[in-house]
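Notes follow the structure.
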Amino acid sequence: MDDTVAGRIMDDVVIGPRAAHDAAREEFRGVFAAVYPRVVRTVYFIVHDEPVAEEIAQDAFVELYRGWSKIRNYERPDLWVRRVAIRKAQREVSKSVRRIGLERAVAQPDRVDDTATLPDPELMAAIRSLPAQQRAVLVLFYLEDLPMAEVADLVGCSASTGFVHLHRARSRLAELLSEEVDGNVR
C-alpha cells in the first residue's frame, strides 16, 4: 500500500537528530497518507499514464520530505507538494508531446485502476490534446473541483490568467467535441 512508498521515501532521506527525525517521520506519514492518493489522481488526469503519475507523485513527496523540516511549518504543506507534483506533470506532458508527437499522445489509451471513475473516454482524449497549462487548469478546476484562486496558485499563475487558460481549454474542447461553450465559467 502507500505506507510502503512513504517508508521508501523516508528511508532515503535523513533529516536531523534521531528524536527530531522520528517526530518528523510521523508527521510526514500523516500528510503522506492523507494527500498521496489525491496527488496521484490529479497527476494522472494531467499525464494520463498511471505509472508515470505514481512516479511523479513519489518524486514530489521525496522533495517534500527533503524539505520537511522547513515545509512542515507551512500553513498547508499539502498544497506545496501538490504544486510540485502538478508542475512536474506539466513538464512531463510538454516533454511527451515533443518526444512522441501530438498524434500519439492523443491516441494513448486511458490506464487506471478499476476503482477510479473516469469521464467519457472521448472527453479524456480531447483533454490529452490540450497544452500542459490548459490541461492542468481544466483538471484542477473541473475534475478536482478546486476554486480558481487555488488552481492558479498550484499551477503558478494569477487567477485571471487561470480563467484565460480555462476559457481557451473549454473553447478547444468544444471545437474538438463539436459542441458549444457556455461563456460563464465563474
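The values are calculated or read from the model by the stated rules, or taken from the named source; none is laboratory data. Everything numeric in this text was worked out from a predicted model, so none of it was measured. For neighbour counting, all protein chains shown are included, and Cβ atoms are generated from backbone atoms with ideal geometry for every residue, glycine included.
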Cβ-Cβ distance below 7 Å, separation of 6 or more or different chains: which pairs start in region 67-92 with a residue that is not assigned by TED's automatic domain parsing to the domain that holds Glu144 and end on one that is outside any helix (DSSP H, G or I)?
Trp68/Ile15; Ser69/Ile15; Ser69/Gly16; Trp80/Tyr74; Arg87/Gly156
Please work out which residue is nearest to Ala132 (Cα to Cα), limiting yourself to region 151-169 and to residues that are surrounded by fewer than 16 Cβ atoms within 10 Å (Cβ to Cβ) and small (Gly, Ala, Ser).
Gly156
Just to be sure before I move on: is Asp49 of a type in the set (Asp, Glu) and surrounded by 17 or more Cβ atoms within 10 Å (Cβ to Cβ) in the structure I sent?
yes
So, first residue closer than 14 Å to Val47 by Cβ in region 134-158, second residue of a type outside the set (S, T, N, Q) and assigned to a loop (DSSP other than H, G, I, E, B), Cβ within less than 7 Å, six or more apart or across chains; the pairs are Leu138/Leu130; Leu140/Leu146
